[in-house]
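Encoded as structure tokens, the structure appears first; notes follow it.
Please treat every number below as a calculation from the coordinates, not as lab data. These numbers were taken from a predicted model, which means no experiment stands behind them. Cβ placement follows ideal geometry from the backbone for every residue including glycine, while neighbour counts extend to all protein chains displayed.
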Amino acid sequence: MERTEWGRPTRAVIDLEAVRTNVRNTKEWIGPETELIAVVKADGYGHGAVRVAEAALQAGASMLAVATPEEAVDLREAGLEAEILLLGAAPLPFLEVAAAHNITVTADSARWVRDAAARPEKWPNPLKVHLKLDTGMSRIGMRTGEELLGAWGTAREAGMIVDGVFTHFAKADDEDSGLQRRQEARFRELIGALPEKPRLVHASNSAATYLHPDARFDAVRLGISMYGIPASEHVGRNMPIPLKPALSLESRLVHVKKISRGDTVSYGGTYEAVDDEWIGTIPIGYADGLLRGLGGQEVLVGGRRVPIVGRICMDQCMVRLPGETEPGEPVVLIGRQGDEEITAAEWAARLGTIPYEVVVTLSKRIQRVYPKQDWEG
């Protein structure tokens, strides 16, 4: 018997065709001369890295990007053979593994390159690196032309393949584009000092891909928008192409009861019924990513919005229903039901955060389900 038959009814339904559509439409938007790097870090932004990576590659992505060594190796062990770029700082002991698995690593400083070149082990294949430039993020990366040239020379002398150079924009999703322009200019200045151009020069994240076409260079890195979520409200208002959300968060009512005026709901008794009310219980709580700050957030039942009442528990939450409702009734927490839709951005607004945090916070305890869809490449 499958878990879907006996497990709790809470699940994240991932529409891989939506991922393919977003990648395909973006690839058409940027043109055939620009490569698309699919960013599948943080388990594919909570959508499932392996399945999303497969879908993105089917739709035209030429490379994958992750944040940690473990994420890169997981993709290789799942059988994916596409190029993989490790965006974060690469621990030196990982380099032998990276070379063996054809994983490209980020060289974030001249010192890192010197230390890598001095490693005693012999790599089974030449190590491929992308040089990271800090043009205004102040996170990782080289800030000066002198450091960049030093790293370039040392890497080449050590037999590394300098396959790319890149930076990351800090404010591409904002209406104020001053910092964006300064970062672009600084990036062009730094790469102009290189004795020769690497195969891939890339800078654009999702926001810059759509709003700053002059910053596309040889490739763009598509992250949050691949999953159908605009990088910000400003980006959402100015998108040149539509995005299709890939994730729906669904459950069912597991218990329904009628309470009387004055009865309280959940810990602390913070919610008190003002009349006789029908209360439904949903098997999802803050351990799953439905954070306590989402108290009062609405969910969809029967195509209508109903509010979460009382404090959200670790494993369950309660909603006020418009009337008597049968246990087993479908509930949509993120997604569409009838004419109503609740988005990750709506959750983010209530929490005072960004949609990225909403989807990556959905815990492993929530089963990811991928409806079977026909696709012809």
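Some observations on this one:
- Per-residue Cβ neighbour rank within 10 angstrom, fewest leading, 315, 276, 134, 288: 276, 315, 134, 288
- Whether the range 91-225 is rounded, prolate or oblate, judged on the alpha carbon gyration tensor where a/c under 1.5 counts as rounded: prolate
- Size of electric dipole in the range 16-232: Cβ of Lys, Arg +1 and of Asp, Glu -1, about Cα centre, debye, nearest 20: 280 debye
- Relative contact order of the range 269-336: 38 percent, from C-alpha pairs under 8 Å at least 6 residues apart in sequence.
- Listed residues 65, 287, 55, most fluctuating in the chain (Gaussian network, C-alpha, under 10 Å): 287
- Oblate is the label for the range 247-353. Its Cα gyration tensor axes, ordered a ≥ b ≥ c, give a/c of at least 1.5 and b/c at or above a/b.
- Cα pair distances of the chain binned at 10 Å [whole percent]: 5, 22, 27, 22, 14, 8, 3, 0
- Highest GNM mean-square fluctuation among 172, 56, 116, for the chain modelled with Cα contacts below 10 Å: 116.
- Shape of the range 207-247, Cα gyration tensor, a/c cut at 1.5: oblate
- Counting beta carbons within 10 Å around each of 239, 160 and listing the fewest first gives the order 239, 160.
- Length-normalised contact order of the chain in % [C-alpha pairs under 8 Å, at least 6 apart]: 17 percent
- In terms of distances greater than 20 angstrom between alpha carbons, the cross-link table entries 132/171; 41/364; 257/364; 132/197; 244/372 yield 257/364.
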